[in-house]
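Worksheet: the structure to be examined is printed underneath.
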Amino acid sequence: MIMEKDGIVYATAPAMLIRTPHAFVGRSGGVSPHPFCSLNAAQTVGDAVENVEKNMGLIADSFGFDKKSLVTVRQVHSDKVLVLEEMGASGHAGVEADAIVTARKGTPIGVLTADCLPIILVDHARGVIGIVHAGWRGTLKGVTLKAVEAMRTSFGTDPADLVAAIGPAIGPCCYTVNDDVAEGFKGAFGNPGGFIEGGGPYRINLREANRYQLVMTGVGVEKIAVERNCTSCRNDLFFSYRKDGGTTGRQLSFVMQ
Ligand SMILES: [Zn+2]
């Protein structure tokens with residue numbers, strides 16, 4: 001569902017499903033000028049460093065965490081998972097990965113997206129959280145599956161205890177892909193189907209593909225909240241790499257406990 005506070009629009013899962021602080025933060029309420037308008041969270045897209053710092057401060061203040069404690073990674077469309085142990089160094093921004101899992105308390109973990117799919121995972125029973133960045137490459141590599149597996153092997157999570165929120169991403173209404181990507185989805189998810197719509201050009205459904213993968217790991221289908229707003233259709237609310245023409249900001253999604 002879409003919410004708003006302090007001028008910041010964000011999507012969230014129902015509180016009865018995910019009881020720990022989390023949000024898929026949208027693009028409004030920040031200080032960055034065009035084309036990063038306005039709540040850009042990425043230092044890697046050409047926006048001024050001080051604007052991003054201010055934006056992160058606004059987000060952190062609004063959602064009640066210390067911005068220095070936020071852990072993100074260098075996202076590379078891989079299936080690598082950063083497992084944050086209980087103690088250890090902060091500053092993982094240079095680590096290449098596309099998912100983070102941890103049992104730490106008071107440490108928000110985040111991913112940055114503009115069309116790709118952010119996914120939040122919470123195991124309330126064992127006190128474990130995870131966050132995933134999945135575009136088409138990560139989806140085909142099974143990054144969501146790897147994140148659930150890392151929660152299981154590192155912290156003892158039973159997937160049956162997991163609740164998940166699939167955040168705003170580009171929808172099958174707008175996500176046209178070339179034939180190679182469509183073939184990849186057919187190979188991974190079956191043919192016909194494969195979470196592919198249309199044909200010439202094909203369109204793929206990232207959120208349903210990842211929901212399917214979560215269910216395959218043992219997550220109850222009723223425990224997965226899906227935000228259905230498309231980042232391209234609603235690029236007034238969210239950054240869309242495609243709709244915004246390639247140069248745009250990135251939105252922060254985070255979870256903490
Ligand atoms: Zn759309």
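Okay, here's what the table says:
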item: Whichever residue in region 144-200 is within 16 Å of the ligand (Cβ to nearest atom) and among the hydroxyl-bearing types (Ser, Thr, Tyr) and, among such residues, is nearest to Gly26 (Cα to Cα); result: Tyr175
item: Matching strands (runs of 3 or more DSSP E) fully within region 141-248 where at least 3 residues are closer than 19 Å to Thr12 by Cα; result: 162-166, 224-226
item: Condition check for Ala169: crowded, with 24+ Cβ neighbours inside 10 Å, closer than 28 Å to Phe63 by Cβ and in contact with a helix residue (DSSP H, G or I) (Cβ under 9 Å, 6 or more places away or on another chain); result: yes
item: When residues of region 214-230 are limited to those that are among the aliphatic types (A, V, I, L, M) and touching a strand residue (DSSP E or B) at 6+ places or on another chain (Cβ under 7 Å), the one surrounded by the most Cβ atoms within 10 Å (Cβ to Cβ); result: Leu214
item: Residue satisfying all of: in region 244-257; surrounded by fewer than 20 Cβ atoms within 10 Å (Cβ to Cβ) and in contact (Cβ under 8 Å) with a residue 40 or more places away in the chain; farthest from Glu86 (Cα to Cα) among these; result: Gly245
item: Of all residues in region 225-240 being among the charged types (D, E, K, R) and within 11 Å of the ligand (Cβ to nearest atom), the one that is modelled with the lowest pLDDT; result: Arg228
item: Residues (buried (at least 24 other Cβ atoms within 10 Å of the Cβ), closer than 20 Å to Gly246 by Cβ and touching a Gly at 6+ places or on another chain (Cβ under 8 Å)) located in region 101-142; result: Thr113, Ala114, Asp115, Cys116, Leu117, Pro118
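The values are calculated or read from the model by the stated rules, or taken from the named source; none is laboratory data. It should be emphasised that the depicted structure is a prediction, and the values quoted were computed from it without experimental measurement. FYI the Cβ positions are ideal-geometry reconstructions off the backbone, even for glycines, and counts take in every protein chain you see.
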